[in-house]
Amino acid sequence: MPLRPLFAMVVFAAGVVSGIAPAFGQLTIPTVPIGSPGNAPDPLTARRYGSVAYTYNIGATEVTNAQYAAFLSAVAAADPNALYNSAMAGAFGGITRAGSPGSWTYATIPGRENNPVNYVSFWDATRFANWLHNGQPTGPQNASTTEGGAYTLSGGTVFSNTVTRNAGWLWAVTSENEWYKAAYCQPAAQGGDADDYWFYPTSSNTFSADQANFIGGVANTTPAGTYAPNFAGAFDMGGNVWEWNETISSNFTRRGIRGGSFSDPEIYLWSNNPLAARPSTESEAIGFRVSSIPGPSAAALLLLGAAAAIHRRRSIGAHSSSAPREYNEQPPQ
Ligand SMILES: [Ca+2]
Ligand SMILES: [Ca+2]
Ligand SMILES: [Ca+2]
């Protein structure tokens, strides 16, 4: 069953967005806290995934159409980086665009506000995170809105797919370990599996069809709150849409995705089944989730930035030579 208080928060955010036009308020991104810094990684994955050195928050839901539409309204009157994809107005999407270049306006499709945004590349996701990091500014896409902040998207680092999270980040696209820990970790002492990790992101070692939106369901995305949250309080970590993560693989040609989608079978909910896709991929089946640093002070930020940098080096070093299975860009059946 959906958690009503959280769902109410999501609806509130959508209400803010529908008020759009001249000035909408700060968007609220509901998050859940992930504690136990320095936890052990999951033995099932040869201790490769699940350890995070710092305390963080993770989006309670996949980034929604309402949240992404607010972002577009703020920074995409002109859209030189193609943050909008016209497929978002289609049957699997949830955002329409009107007007002309330089004065584009955006709206959510009624009833789709709390469905996950899709047709977003890894780069769209990093720009959304930058926008949150920068305090949700309004204006053209530049270093102080979308191109700088948590990620510096200049100097060829997008083309080379070498962009990593900057120290001092406040919001980011989830790292694979941040995502994995929120999806699968439940300490045994808190009622979890004996090794602190479940096999499914539904806080279970078995799976039933009523636990997530995967293939065989409604064959489309579903609103946040349709399925029960997991132990962390996060919705749809299994299914609905795949979620980008920062992991670079396959000789710098791919980024990680996790959790499967409404058009994929149950095996993609497995903890030991990471995939990767070209970062420019824009699919009805791929969205993303953000993470943030809780209540940062300047001093704490410095420490966290250092921890994040260490974490990033370990993470990239561990994964850069790997070749996770390839995302197959097929339309849903
Ligand atoms: Ca795009
Ligand atoms: Ca286990
Ligand atoms: Ca998902």
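Readers should treat all values here as calculations from the given coordinates under stated rules, not as data from a laboratory. As the structure is a computational prediction, the values presented were derived from the model and not from experiment. Here Cβ is always computed from backbone atoms with ideal geometry, including for glycine, and neighbour counts include all displayed protein chains.
In what order do Tyr151, Tyr84, Tyr184, Tyr54 fall by count of nearby beta-carbon atoms within 10 Å, going from fewest to most?
Result, fewest neighbours first: Tyr54, Tyr84, Tyr151, Tyr184.
Under a 5 Å amide H cut-off, with hydrogens placed 1.01 Å from N, Asp79 pairs with Gly102 among residues at least 5 apart or on other chains. Applying 1/(1 + (r/R0)^6) with r as the Cβ-Cβ distance of Ala40 and Glu326 and R0 = 30 angstrom yields a FRET efficiency of 0.50.
For Thr45, Thr28, Thr61, the sequence from fewest to most other C-beta atoms within 10 Å is Thr28, Thr45, Thr61.
Computed from the C-beta positions of Ala82 and Asn272 and an R0 of 45 Å, the FRET efficiency is 0.85 to the nearest 0.05.
Classification of region 94-191 by its C-alpha gyration tensor yields an oblate form. The axis ratio a/c (a ≥ b ≥ c) is 1.5 or more, and b/c is at least a/b. Region 235-249 and region 130-144 have their alpha-carbon centroids 24 Å apart.
Here each label is just a point 7 Å from Cα along the line to Cβ, and for Ala89 and Thr28 those points are 3.2 nm apart. Treating r as the C-beta distance of Ser154 and Asn251 and R0 as 22 Å, the FRET efficiency rounds to 0.45.
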